[in-house]
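A short worksheet on the structure shown next.
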Protein chains: 2
Amino acid sequence: MNIQLKINMNDKLFIRDPEQSELGKKIILHSIQLIHKNGFEAFTFKKLALDIGTTEAGIYRYFENKHRLLIYLTAWYWSWLEYQVTFQTNNIKDPAVKLKQVIKLLATTVEDDNSTLYVNESILHQIIITEGTKAYLTKRVSEDNKDHLFKPYKDLCALIGNMILECNPDYTYPKSLASTIIEMAHFQNFFMNNLPSLTDFGQDKNEAEIVKFLEDLVFSSIK
Amino acid sequence: MNIQLKINMNDKLFIRDPEQSELGKKIILHSIQLIHKNGFEAFTFKKLALDIGTTEAGIYRYFENKHRLLIYLTAWYWSWLEYQVTFQTNNIKDPAVKLKQVIKLLATTVEDDNSTLYVNESILHQIIITEGTKAYLTKRVSEDNKDHLFKPYKDLCALIGNMILECNPDYTYPKSLASTIIEMAHFQNFFMNNLPSLTDFGQDKNEAEIVKFLEDLVFSSIK
DNA sequence: TCTTGGATGATAGTAACACTATCTTTGCAA
DNA sequence: TTGCAAAGATAGTGTTACTATCATCCAAGA
């Protein structure tokens, strides 16, 4: 089976759709590599252009600025992850089993998905851990939200929130618990690898421990 | 009673101690105002100098760059908060009551503390919500951690972790739960005010709801 | 076959940002 | 009174974050 996955992106995220051209795809591919390598702060369109072999102006024809590109990458990731969640929980009847599967998907290193050609999901996952929150932790968040730039994130959160309600329809905080496990899946991972004393996983640095912590957190809460 | 609170800062955080001079104190005072007003990305030493009525070079004599200044402000805040936590939970015997008090301190708007003259804790709290994680979500995190720049944050986390253990010595994830409630006290607040559909507090935007959510989360987990 | 328009390349330019350097002035302290 | 450190004043450099313009190239349509 050779299926290709096409994620529809909100067209306010870009000036010209990067999926519609070779240069556009290169921008996505190389920006993921560069941001991963040097971090978002050190990432510039000049360096990206040099890396690709095009010019700065060329990049600006696709994205307004690097912050928009970051929002694009995060939006792409959340959309892809929502698809993964839907796919991987399909046909699971027991809502608790379903929720465990989701936690695993959130907190475990993703394998590179070959049905998307110019995105390395594994590296993108690393970027989301370190840079993901910077997409919305800005003064522009409300404006950007009005343009629906964070819809994929909110959709995933709503999906998980509903799964929580499936487990316990009386639980009072499904959405907050959903956003908590999404963010903590990433933060605990970052802490484990960089500031281990903030976690209980410092010894073996094992993602499975994060999964166990989150499962304990969630299932204790919804009981 | 007129007591003044002096927080001892790691001297790797600055080039010249801002608490030792008028100009230094102005830098702290005005940087808090400017970052709060325009956000950390738009904040520059040029603008800060103009705001204070000094020159760019003057600021650079105190702080290496704006990122170091941000780490300074966050470190100050966490130290101050640890003091508040210690003070406000003093003489409370029941560990559960203690922990509830801590959650309230974390998730509730702080009043400006008049025992610190040139820091407005209330505004600083807002900054920490939006910009706090940017202090450590960088490529430099390990180096900065080696210089103990995040010690106040880690100390607070350890303190709360120990309170959790006081409630239940058998709980497996005290440190991760501590870092979770610290971060979530802020994230849920940010979401409530900016991306409300990620929370269950969209209607009345009441911080007391966040407190209830966190209490439920914590006490369900440690049972 | 010609042409036309859209994508790209090449080049240039500007304002702001992130510093560094140097020299002068000020104020207080030995 | 001299001396020294903090602060002010000014200048300069390389980089970042764009914007503008003009040339080229290529594929689709007339």
query: What residue of chain B sits with its beta carbon nearest the rotation axis taking B to A, and at what distance in whole Å?
result: B:Ser220, 2
message: Counting protein heavy atoms only and a 1.4 angstrom probe, how many square angstrom of accessible surface do chains A and B bury in total, to the nearest 100?
response: 4100 Å²
- prompt: Just the projected area, averaged over all directions, of the convex hull on the alpha carbon atoms of the range A:181-223: how many nm²?
  reply: 2.8 nm²
- line: GNM on chain A, Cα springs under 10 Å; top mean-square fluctuation among A:Ile52, A:Ile129, A:Ile35 goes to A:Ile52
- line: If one builds a Gaussian network model of chain A from Cα atoms under 10 Å apart, the most fluctuating residue listed among A:Ala57, A:Ala178, A:Ala49 is A:Ala57
task: Run through the other copies and list how far each one's label point is from that of B:Phe87, in nm with one decimal, shortest first; the point sits 7 Å from Cα along Cα-Cβ.
output: 5.5
- prompt: GNM, chain B, Cα, under 10 Å: largest mean-square fluctuation among B:Lys47, B:Lys98, B:Lys154?
  reply: B:Lys47
statement: From highest to lowest solvent-accessible area (probe 1.4 Å; ligands, DNA and RNA excluded), A:Asp17, B:Asp144 read A:Asp17, B:Asp144
query: For the range A:191-204, what does the Karplus curve 6.51 cos²θ - 1.76 cosθ + 1.60, with θ = phi - 60°, yield as ³J(HN,Hα) per residue in whole Hz, taken in order and with x for Gly and Pro?
result: 4, 3, 8, 10, 9, x, 5, 7, 10, 9, 10, x, 5, 9
statement: With no solvent term and unit scatterers on the alpha-carbon positions of the protein assembly as shown, Debye gives log₁₀ I(q)/I(0) at q = 0.09, 0.12, 0.13, 0.14 Å⁻¹ of -0.60, -1.08, -1.26, -1.44
query: In units of 2.2 N^0.38 Å, what is the alpha-carbon radius of gyration of the range A:102-153?
result: 1.36
message: If each label sits 7 angstrom from Cα along the C-beta direction, how far apart, in nm, is B:Asn168 from its counterparts in the other copies?
response: 1.2
query: Counting only protein heavy atoms and using a 1.4 Å probe, what share of the accessible area of the protein assembly as shown belongs to carbon plus sulfur, as a whole percent?
result: 49 percent
message: Under the convention of a label 7 Å out along Cα→Cβ, give the distances in nm from A:Lys46 to the same position in every other copy, shortest first.
response: 1.5
query: Using the C-alpha gyration tensor of chain A, what are the square roots of 5 times its eigenvalues, in whole angstrom, with the largest one first?
result: 31, 19, 17
Per residue solvent-accessible surface (Å²) - the range A:74-222, probe of 1.4 Å: 38 Å²
task: Please find the FRET efficiency linking B:Ile7 to A:Lys146, where r is the Cβ-Cβ separation and R0 is fixed at 45 Å, and quote it to the nearest 0.05.
output: 0.65
message: Just the number: Rg to Rh for the range B:38-132, Cα atoms, Kirkwood Rh, two decimals.
response: 1.08
task: Under 16 Å Cα to Cα from B:Lys12, which aspartates and glutamates show up? Leave out anything in the same chain fewer than 8 places away.
output: B:Glu64, B:Glu143, B:Asp144, B:Asp147
task: State the extension gain, in nm to one decimal, for the chain segment bounded by A:Asn114 and A:Ser220, taking 0.36 nm per residue of separation less the distance between their alpha-carbons.
output: 34.5 nm
Mean ellipticity per residue at 222 nm, deg cm²/dmol - from DSSP H runs of n ≥ 4 across chain B, formula -39500 (n - 2.57): -19500 deg cm²/dmol
message: For the range B:70-201, what is the number of Lys pairs with C-alpha distance below 20 angstrom, counting only pairs 8 or more positions apart or on separate chains?
response: 16
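The values are calculated or read from the model by the stated rules, or taken from the named source; none is laboratory data. Just so we're clear, the structure is a prediction, and the values are computed from it rather than from any experiment. Every residue, glycine as well, gets a Cβ built from its backbone with ideal geometry; the counts of neighbours run over all protein chains shown. Only protein heavy atoms, including side chains, enter the accessible area calculation; ligands, DNA and RNA are left aside. Shrake-Rupley method; radii C 1.70, N 1.55, O 1.52, S 1.80 Å.
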